[in-house]
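Just below is one structure, and these are the notes that go with it.
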Amino acid sequence: MMELIAACFSASGVWLTAQRCLIGWPISLLATFLYGWVFFHARLYADTILQGVFSLTILYGWALWARDKARQNALPPQPLALKKAIIETLGFFILSTLWVIALRCWSDDPAPLLDGGLSGASLLAQLWTARRHRISWLLWAGIDVIYTGLFFSRSLSITALLYGGYTLLGLYGYWRWKA
């Protein structure tokens with residue numbers, strides 16, 4: 001039941017964010033608390049920790065969007081410079097690698113490579129979403145395809161279906177965030 005409630009809040013938050021609605025951020029924040037509980041019980045520890053980190057990045061995104069909306073009453077997508085994209089991607093790749101090593105050494109996570117790698121990539125996508133970079137939606141779509149398989153393998157069917165839907169929402173968000 002908790003998984004279904006978390007999925008509903010999470011899907012609502014992503015949909016509203018794709019619409020560039022500020023209310024998507026607090027709804028997503030609630031979803032992170034709910035999914036933290038779900039992932040902990042599924043022994044997906046990197047994803048459990050990721051929900052806590054997402055809470056912080058959601059607060060960051062919410063503050064940025066609220067500030068920008070107050071200044072200009074609009075939330076247009078922002079360009080992402082190639083050099084910045086490469087540097088940030090390398091940084092999050094290093095973070096993901098460290099996360100995978102930690103999961104292999106100190107946990108009973110059944111899928112440390114996927115769990116750690118996807119968690120690091122998700123943080124990068126979240127950062128880019130907070131900054132309103134349109135490319136974040138394509139990154140999310142790719143991440144969500146892989147997460148769908150991971151969640152099915154952990155018997156989190158509702159979450160797997162949700163992430164399959166997120167793949168479509170990622171493509172929709174990319175289309176919707178035309179400059």
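Before moving on, here are some points about what is shown:
- Pair list, Cβ < 6 Å and 6+ apart or interchain, from the range 14-31 residues that are within 18 Å of THR159 (Cβ to Cβ) to residues that are of a type in the set (Phe, Trp, Tyr) and assigned to a helix (DSSP H, G or I): ILE27/PHE9; LEU30/PHE9; ALA31/PHE9
- Members of the range 160-179 found to be under 13 Å from the mean Cα position of the chain (by Cα) and either surrounded by fewer than 15 Cβ atoms within 10 Å (Cβ to Cβ) or not small (Gly, Ala, Ser) (or both), listed by number: LEU162, TYR163, TYR166, THR167, LEU169
- Count - residues of the range 148-179 that are of a type in the set (S, T, N, Q) and under 14 Å from ALA111 (Cα atoms): 3
- The set of residues in the range 37-60 that are in a helix (DSSP H, G or I), within 11 Å of ASP109 (Cβ to Cβ) and not aliphatic (A, V, I, L, M) comprises PHE39, TYR45, ASP47, THR48.
- Among (1) crowded, with 16+ Cβ neighbours inside 10 Å; (2) part of a helix (DSSP H, G or I), the one test that LYS83 misses: (1)
- Residues within the range 132-163 that are outside any helix (DSSP H, G or I) and under 19 Å from ALA31 (Cα atoms), tallied: 1
- Screening ARG104 with (1) closer than 19 Å to ASP144 by Cα; (2) at pLDDT below 95; (3) not hydrophobic (A, V, I, L, M, F, W, C) gives one miss only, at (1).
- Whether a residue is hydrophobic (A, V, I, L, M, F, W, C), without any contact (Cβ under 8 Å) to a residue 24 or more places away in the chain and crowded, with 17+ Cβ neighbours inside 10 Å was assessed, and PHE151 passes this test.
- Checklist (1) assigned to a helix (DSSP H, G or I); (2) within 16 Å of PHE151 (Cα to Cα); (3) among the charged types (D, E, K, R) applied to ARG67, failing item: (2)
The values are calculated or read from the model by the stated rules, or taken from the named source; none is laboratory data. What you see is a predicted model; the values in this text were computed from it and never measured. Note that each Cβ is placed from the backbone with ideal geometry, even for glycine, and that neighbours are counted across all protein chains shown.
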